[in-house]
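As structure tokens, the structure follows; a few thoughts come after it.
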Amino acid sequence: MAIDGVTRENLAQRCLEPLRPAKPWQPDILLVRGDAGPIVVKDYQSRPFLYRFFVGLPSTWNEARMYRKLAGLRGIPRFYGKLDRYALAIEYIEGRNASKVMAGELPHDFFHRLKRIIDSVHDRKIVLCDLRNKKNIMISKDGEPYLIDLCTAFERGRRWSFFRNGLHGIFSQDDYLGLAKLKRQLAPELLTREEADRLDRGLFLQKEAVAIRNFCVRCLKQLVSK
């Protein structure tokens, strides 16, 4: 499939630069020359087979679905489509991620705008799940917040999906704790006492969930390094 003139066949020739150093357990994030301007391609094609099939394939499918569900929301990059089952293309947001911002750099209104984006995502019954990672929060050159990397996001289930909806409720709270964590690091004067208490206390089963996640990451790294 061609997206703004970019295809799987000409992807290497149109690549302007990698936006993230390549690692065997992560997809390639590439800045690519489209016919109308630069776009970002997230590509699992060059990863080892087991990772590409069991992680890349479902991750690409889910992320494409989440971008479609959130289409039109301010603060969510436009989704252009999938090159194939292992790669998708999204809008390039010129700027930097929040991990490269120093305390005091961002105006207070930035955090209010970021909360409105999170609210609007939740209004569509979707949780983001990874907002504690500052690299998933972009600041455009105009100072606008954007949320990227939706591969772990998911939608609330039907009424009888008790387990899924329980997780949805936990991660809905965790999204706001990600915002609180960002405040603590970059604008501590905005952090409320309630937010600070919740950050210190953590969420129900949070430590267990983090331990399981870290175990899975270690296993994945060992798998793809063989």
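Structural remarks
- Residue pairs whose Cβ atoms lie under 9 Å apart, separated by 6 or more positions or on different chains, with the first residue in the stretch 60-85 and in contact (Cβ under 8 Å) with a residue 24 or more places away in the chain and farther than 22 Å from residue 116 by Cα and the second in a loop (DSSP other than H, G, I, E, B) and basic (Lys, Arg), are 60/85; 61/85; 83/8; 84/8.
- The one condition in (1) aliphatic (A, V, I, L, M); (2) modelled with pLDDT of 95 or more; (3) part of a helix (DSSP H, G or I) that residue 138 fails to fulfil: (3)
- Matching residues, the stretch 121-147, being surrounded by fewer than 19 Cβ atoms within 10 Å (Cβ to Cβ) and touching a strand residue (DSSP E or B) at 6+ places or on another chain (Cβ under 6 Å): 125, 135, 140, 141
- Enumeration of residues in the stretch 94-107 that are outside any loop (DSSP other than H, G, I, E, B) and of a type outside the set (D, E, K, R): 95, 97, 98, 99
- In summary, strands (runs of 3 or more DSSP E) completely within the stretch 1-93 and bearing 2 or more residues that are farther than 14 Å from residue 148 by Cα and of a type in the set (A, V, I, L, M) occur at 28-34.
- Some residue of the stretch 42-59 being within 26 Å of residue 139 (Cβ to Cβ), under 18 Å from the mean Cα position of the chain (by Cα), surrounded by 17 or more Cβ atoms within 10 Å (Cβ to Cβ) and β-branched (Val, Ile, Thr): no
- Each residue in the stretch 1-15 was checked for being without any contact (Cβ under 8 Å) to a residue 40 or more places away in the chain and under 22 Å from the mean Cα position of the chain (by Cα), and 1 pass.
The values are calculated or read from the model by the stated rules, or taken from the named source; none is laboratory data. Note that the structure is a prediction, hence the values are computed from the model and not measured. A quick note on method: Cβ atoms are made from the backbone with ideal geometry, for glycine too, and the neighbour counts reach across all protein chains shown.
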